[in-house]
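Step one of this worksheet: look at the structure below.
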Amino acid sequence: MTGQQTKRDGMPVLIVGAGPTGLTLACELARRNIAFRLIEASVGPQMGSRGMGVQPRTLEVFDDLGIIDRVLAYGRMAMPIRSTAPDGRVTMGGDIPEILKDRSDIPYPASVITPEWRTEEALRLQLAELGGAVEFGSALQSFEQSDEGVLAVVVKNGVAETVAARWLVGCDGGHSTVRKQAGIAFEGETREEVRMIVADVAVDGLGRDAWSMWQHEDGFLGLCPQPSTDVFSFQAAIAPGQNADLSLANMQAILERRSGRNDIRLHEPQWSSLWRANIRLANRYREGRVFLAGDAAHIHAPAGGQGMNTGIQDAYNLGWKLAAVTRGAAPALLDSYEAERRPVAVSVIALSNARLKQAIEEKGIPIRRDASTIQLDINYRGSTLARDDRDESAALRAGDRAPDATKLMTVDGERRLFDLTRGGRFTLLNFGATSAETVPAEVRVLSVVRNLKGRNEIVDSEGLLTRAYDPSDRTLVLIRPDGYIAMITDAGDLSAVSRHLAAMG
Ligand SMILES: Cc1cc2nc3c(=O)[nH]c(=O)nc-3n(C[C@H](O)[C@H](O)[C@H](O)COP(=O)(O)OP(=O)(O)OC[C@H]3O[C@@H](n4cnc5c(N)ncnc54)[C@H](O)[C@@H]3O)c2cc1C
């Protein structure tokens, strides 16, 4: 450290860490014109395919954020999987399950494989469009907090600067400095015996049409082509006593032994890492004015491809709430962040543990896609932000993800619901006769009508919206900025909607 500067700018939010979680949070704040700084200890973007599975729910988030076209262009949806058993039998998998195909309520039915650095790139570009930027080479060293805010010491090129902010969000990964200094325990286990070599390597002699996997008594081996690059992601389970060396020679030897093929040649890895099973959950997501999100709050096995997705959705949940509170909403709104997101991490850890156990036992990974990993059934039923007057047995309740619907006629032509709700605002779907004129101007009102007369009206031309929302002729549905249902009133109680909105922001 060569010097010290102090700047007390009282900015609303300091985000630590520009991985997918921090970048998503920054985009969420930037598009709402909330001032923030996003600091990143590394001097430039991270490489490596790491979190290469983007799940359908995250694709919806990216659709809302305006980066979906880029993510789809650089990725591949429903990557075919070719699995070779120890006896040489080949099974193909990875198809979109029939139950998820051609659904009006689900725009993205399967995960997209794309390198994590591509996802980060898309988010960074969007952040730049919104006028924000990552401060590379700037590391959080320490912080202290009071009732008024946080004072953080940020070091860049050996120069320390004191940054004042109202809120500090630690998106700084599994080794989170923020979590440690906030005194938040990271409970769980490290299983040194469960390891995996992961690397990005160019490969000769193997088609890029599918994710190739081999089951072998030594352990699982996978080579997944990374769309929009010339490399594959190499993944090999390393049992105790096996060589965990990250050299090309060791990877080539593992490949030949487990695949039984010597016609496939690996090139020098462009990026490599030895992954160890570290399965942990922060015992709370908030300490005063400090929040945790992403890997800083939860880490687990990559089996099931959930980690990055969960972090992005943490940020998507926290972003609009931080913006609302900065603009004057009751700070209690922020209590719902941990209440809604920590139970999701508990489920994700259980799911990835089950998948990891299966992968270890079967020395391979499941090739059939099912609904358990796509994150569309995440819900916040029971949250303080969820209110409805529906029966327990109703299929759609407050707290659920607001389903999409296609074939809606508007004055601008045919649209789907997600086209109309894009942009991170509250939306009130008005199925009834009630006039919704009294809701605040920031709330977008979409009225379902028989005959189109004006803007903000929709005709449910094929009844797909009705099928998804099962409304009465008075139903009002309030959709949160992050796409979950805040309120359903089949009684058409607009004053209840207004009261609930006032409490949220
Ligand atoms: C082999 C492997 C495969 C995976 N596969 C998948 C998958 O298919 N799907 C999936 O969803 N997830 C997957 N994951 C998990 C995924 O990579 C992580 O969950 C994801 O990167 C977490 O994002 P994050 O932004 O929370 O943290 P990170 O990406 O770890 O980013 C944290 C950032 O904070 C920065 N930082 C740290 N300390 C400081 C400091 N003091 N000051 C400033 N900056 C700091 C770091 O430099 C880093 O850039 C996989 C992970 C691995 C290892």
Worksheet item: Based on what the data block shows, is ALA441 among the aliphatic types (A, V, I, L, M) and either open to solvent by less than 30 Å² (accessible area, probe 1.4 Å) or in contact with a strand residue (DSSP E or B) (Cβ under 9 Å, 6 or more places away or on another chain) (or both)?
Response: no
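Working carefully through the options SER352, SER393, find the one that is more than 17 Å from the chain's Cα centre (by Cα) and among the polar types (S, T, N, Q).
Numbers: SER352 fails: more than 17 Å from the chain's Cα centre (by Cα).
Result of the check over SER352, SER393: SER393.
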Practice prompt. Report whether or not GLY311 is within 13 Å of the ligand (Cβ to nearest atom), part of a loop (DSSP other than H, G, I, E, B) and in contact (Cβ under 8 Å) with a residue 12 or more places away in the chain.
Written response: no
Practice prompt. Provide a single number: the residues in segment 255-293 that are assigned to a helix (DSSP H, G or I), open to solvent by less than 60 Å² (accessible area, probe 1.4 Å) and in contact with an Asp or Glu (Cβ under 9 Å, 6 or more places away or on another chain).
Written response: 1
Worksheet item: Quick one: in segment 134-164, which of the residues that are under 25 Å from the mean Cα position of the chain (by Cα) and surrounded by 20 or more Cβ atoms within 10 Å (Cβ to Cβ) is nearest to the ligand (Cβ to nearest atom)?
Response: LEU140
Worksheet item: Picking from SER336, SER347, which residue would you name as being touching a Lys or Arg at 6+ places or on another chain (Cβ under 9 Å) and without any contact (Cβ under 8 Å) to a residue 60 or more places away in the chain?
Response: SER336
Worksheet item: Are there any helices (runs of 4 or more DSSP H) wholly within segment 1-110 with 2 or more residues that are within 14 Å of the ligand (Cβ to nearest atom) and touching an Asp or Glu at 6+ places or on another chain (Cβ under 8 Å), and if so which?
Response: 20-30
Worksheet item: Just wondering, is there one or more residues in segment 83-103 that are under 19 Å from the mean Cα position of the chain (by Cα) and open to solvent by 20 Å² or more (accessible area, probe 1.4 Å)?
Response: no
Worksheet item: Does LEU351 satisfy the criteria of being out of contact with any Leu (no Cβ under 7 Å at 6 or more places or on another chain) and open to solvent by 20 Å² or more (accessible area, probe 1.4 Å)?
Response: yes
Response to the item:
Subset of segment 257-308, residues near the ligand (Cβ under 9 Å from one of its atoms), at negative phi and of a type in the set (Gly, Ala, Ser), comes to SER273, ALA293, ALA296, ALA297, ALA301, ALA303, GLY307
Discussion item. Checking GLU60 against (1) open to solvent by less than 60 Å² (accessible area, probe 1.4 Å); (2) of a type outside the set (Lys, Arg); (3) within 18 Å of VAL163 (Cβ to Cβ), only one condition comes out false. Which one?
Written reply: (3)
Worksheet, complete the sentence: Filtering segment 321-332 for residues that are in a helix (DSSP H, G or I) and open to solvent by 10 Å² or more (accessible area, probe 1.4 Å) leaves a count of 4
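Please go through segment 181-194 and give me each residue that is modelled with pLDDT of 95 or more and either more than 16 Å from the ligand (Cβ to nearest atom) or over 23 Å from the mean Cα position of the chain (by Cα) (or both), ordered by number.
If the condition is that a residue be modelled with pLDDT of 95 or more and either more than 16 Å from the ligand (Cβ to nearest atom) or over 23 Å from the mean Cα position of the chain (by Cα) (or both), then GLN181, ALA182, GLY183, ALA185, GLU187 are the ones that fit.
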Fill in: Enumeration of residues in segment 265-323 that are within 11 Å of the chain's Cα centre (by Cα) and among the small types (Gly, Ala, Ser)
ALA293, GLY294, GLY305, GLY307, GLY311, ALA315
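The values are calculated or read from the model by the stated rules, or taken from the named source; none is laboratory data. For clarity, every value in this text was computed on a predicted model and none was experimentally measured. Note that each Cβ is placed from the backbone with ideal geometry, even for glycine, and that neighbours are counted across all protein chains shown. Remember, those area values only see protein heavy atoms, side chains included, never the ligands or the DNA or RNA. Shrake-Rupley method; radii C 1.70, N 1.55, O 1.52, S 1.80 Å.
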